[in-house]
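Here the structure is laid out as structure tokens; the discussion comes afterwards.
Any read-out appearing in this document is the output of simple, stated calculations on the displayed coordinates, not a laboratory observation. Just so we're clear, the structure is a prediction, and the values are computed from it rather than from any experiment. Quick reminder, even Gly has a Cβ in these numbers, built from the backbone with ideal geometry, and neighbours come from all protein chains shown.
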Amino acid sequence: MAGSRSHSFKVVLLGEGCVGKTSLVLRYVENKFNDKHFSTLQASFLNKKLNIAGKRVSLAIWDTAGQERFHALGPIYYRDSNGAILVYDVTDEDSFQKVKTWVKELRKMLGNDVCLCIAGNKIDLEKDRAVSLEEADSYATSVGAKHFLTSAKLNRGIEELFVDLAKRMIEIAESSDEHRVNSLGRGSNPRRNVVIVDDEPQQQKTGCCGG
Amino acid sequence: MAGFSDDLDFNPFYRALQTNFGRLFEEAQNHCWLICVPQSNSVKGLKFSSNFVESHILKPSSFFTGQFTSIDKGESKTVELEERVLRTVKGFSKEETVKILYEEIGYNQLLKPFKILIIERPLDPVFHACKDDKQEANKLMNSTSEERTSFSECQVFLENFPCHGKALKMLKKKLYQFTNNYMLLPQYLHDAADRLQDIISIGVTDVLHSHSPQLLPHDPLSLEISAIVENYVMGYVHQKLFSIVQRKFADDDKYLSEKLTELYRMELTADQLGVKERFCCQLPRAKVELASLDGKTTPAEKLHCLKTTLELISEEVKQLVQEIPPLCPFSQLQEASVLTSDDLIPLLVTLLVQVRPRMLESNLYYIQNFHWHLSPKDKLSYSLVTFQAAKEYVKSTDFTFLQPSRNKMKKEMSLEELMEVTVELQKNSSKKEVENDGRVRAPKPFDKQLEKITKMIEASTQEHRDRENQVIPEQHHDSERHKRQASKDGLGEFLTSLQHNSLGVSFGKQN
């Protein structure tokens, strides 16, 4: 039963170097009571735990190299992802085009089970906007992603983005759990887990005899 | 799996809220009340009464901002929320200040946020837990917060439970058959993986069933035991199995090693790979850690070595970036000062060039395919993937057109430098052993590193003398004899067996 109350998700973070993806995610994991996050300057792997409708959700946020020269390494990072946050800079059209490339790659590799969030960051620089809201919204809809406008600087839109993403990932996880309910789920996974078998077989035996 | 104790999933009070007090918990969520969860260690073994629960779910006071009242009918208790503490004001047996350790955000069905504060101890000293000394298992769990990954650690742990005797005997019999009768072939490693998984699976079930009262599958100890059984099995078969893995990847290892040697001759530096100038530094501690990879004998141990290597890179770069205050608030945080994957990969590449591991392909394959007790989502997996990414980058990139470096690569570390690193680390580690709140902190990579460097220096000077003492799985009779001898000397069996590490040498730092 404990399994149904907690979820662990891998979320990959994609975005070109200067779109502010690191600030965005650091802003989200910031915790005023916990200094540990900022006692180190590494932002390549971050963890955030939250609770949604009584369920615990652990988000492992994997930063993915955004520079062009590392492009080929992307698939190594995407494997087993439940969600992806694709960040672009609303003042930089090229960064939005790059998001489109990644969306294609992610869909190709992970299919429709991966939840996508597209974040138009730096909305504090509204006057320099180069990517229109309509264009980004309609693109996101066309690829089954959600579009959010964010500002890491002003802490806008970030919490909404993560909560929405977590909620959608829970929905997908629970619906696939239902499909799997009658199997042990071993066959499809190339890396089998150690199954801890409880004493239930014995109890079942008693039930059988009794029945 | 480290960090059980701090995780709400394993917090007895939070579990009680989710199960026995579900209705109250739901009501609290619906009203977005403040939920105070005393940390696991402070409530271990406690039975939670309604009074306890109602005293730790707080709603905002109708009279004063910053004040909260308990949710019992009379709202009999009042608490004040200050900067980083909760102060009990009214209705408690005595006035106390309880530290807030961290905060988590929860969202109710309507996605309205509420706060969960993880606090140092229950709000009223009346509720404080008395230690349950009977639970041998818990004592063992608490003896160290570090995960057991080496063969000898796992062997010691499993043998310390008298109830495991029969299950371990069966397991050893199966492992003996595997190492002596099973023909391992490079092309059929997947079959070996299946067989080993089955041995582990049965071993875990047998070991868990031997406990009375029986351990529940989701008990933290059950999870730890299943990881330990896996490491024990893998450590047992390591010599035979890894030699076949090496044979399978001999060509790949050779190619990678030659390429790294070529880059070493070119004196490749981090700035040539586009790493920000302020992050370019020598990485002596990470280098020492990575150099120990081939000496590890279980996939889990190897993976921890990769993770520690990455942590040390971060720490060494952090030392360099002096101008960032260690606990800087977000507003001062410069994105340019944060180490992202774009920097970490090339930094790791330069480290690989300096260390030039000879069996990296074999090691990565071994971890990827023979370590099942691994979540594909956690930091350990992330470490593995980062190494895979760096390796792929080295293999697929043509480095001949790089700009000349501004810095000079430091090729070798002398013994004196190794000693300097040790002294420096010693200074660091002696600064604070115990955190302010009295909890023993988890060992930092620096501390672990200090221990390792000491071991390496000791080992290099004692190499010949101690060779015959090396512990290999088949030779555990030897360690049995040591144990018996030491028991006579008045040492406990557990302490004694801790003295036998994978290298089988006695190091100067032992007490």
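Treating r as the C-beta distance of B:GLU277 and A:ALA130 and R0 as 25 Å, the FRET efficiency rounds to 0.25.
Let's test the formula: R0 of 51 Å, r as the Cβ-Cβ distance of B:LEU415 and B:LYS172. What FRET efficiency results, to the nearest 0.05? The computed FRET efficiency comes out at 0.80. Of the residues B:CYS154, B:CYS305, the one with the fewest other Cβ atoms within 10 Å heads the list, and the complete ranking is B:CYS305, B:CYS154. The mean number of Cβ atoms from other chains found within 10 Å of a Cβ in peptide B:341-353 is 4, as a whole number.
For B:PHE401 and B:ASN369, FRET efficiency with R0 = 35 Å and r from the beta-carbon atoms, rounded to 0.05? E between B:ASN369 and B:PHE401, to the nearest 0.05, is 0.50. Taking 24 Å as the cut-off for C-alpha to C-alpha distance, list the pairs among B:LYS254/B:LYS318; A:LYS167/B:LYS59; B:LYS287/B:LYS307 that go past it. Over 24 Å apart, Cα to Cα: B:LYS254/B:LYS318; A:LYS167/B:LYS59. Shape index of region A:121-171: Rg/Rh, with Rg the Cα radius of gyration and Rh the Kirkwood radius from the inverse mean 1/r over Cα pairs, equals 1.01.
A simple spin-label model places pseudo-atoms 7 Å from Cα toward Cβ; at B:GLN187 and B:GLN239 they are separated by 2.8 nm. Shielding of peptide B:369-381 by partners, expressed as the average count of other chain Cβ atoms within 10 Å per residue Cβ, is 4.
Peptide packing for B:265-272, A:22-29 was compared via the average number of neighbouring C-beta atoms within 10 Å per residue; ordered from the highest value, the list is A:22-29, B:265-272. Using C-alpha pairs under 8 Å with a sequence gap of at least 6, the mean separation divided by the residue count of region B:40-118 gives a relative contact order of 14 percent.
Determine the shielding of peptide B:103-116 by partner chains: average, over its residues, the number of Cβ atoms on other chains within 10 angstrom of each Cβ. Counting Cβ atoms of other protein chains within 10 Å of each residue's Cβ and averaging gives 5.
Positive-end ranking of B:SER50, B:ALA28, B:PRO60 along the dipole of region B:1-68, with charges on Cβ about the Cα centre, is headed by B:SER50.
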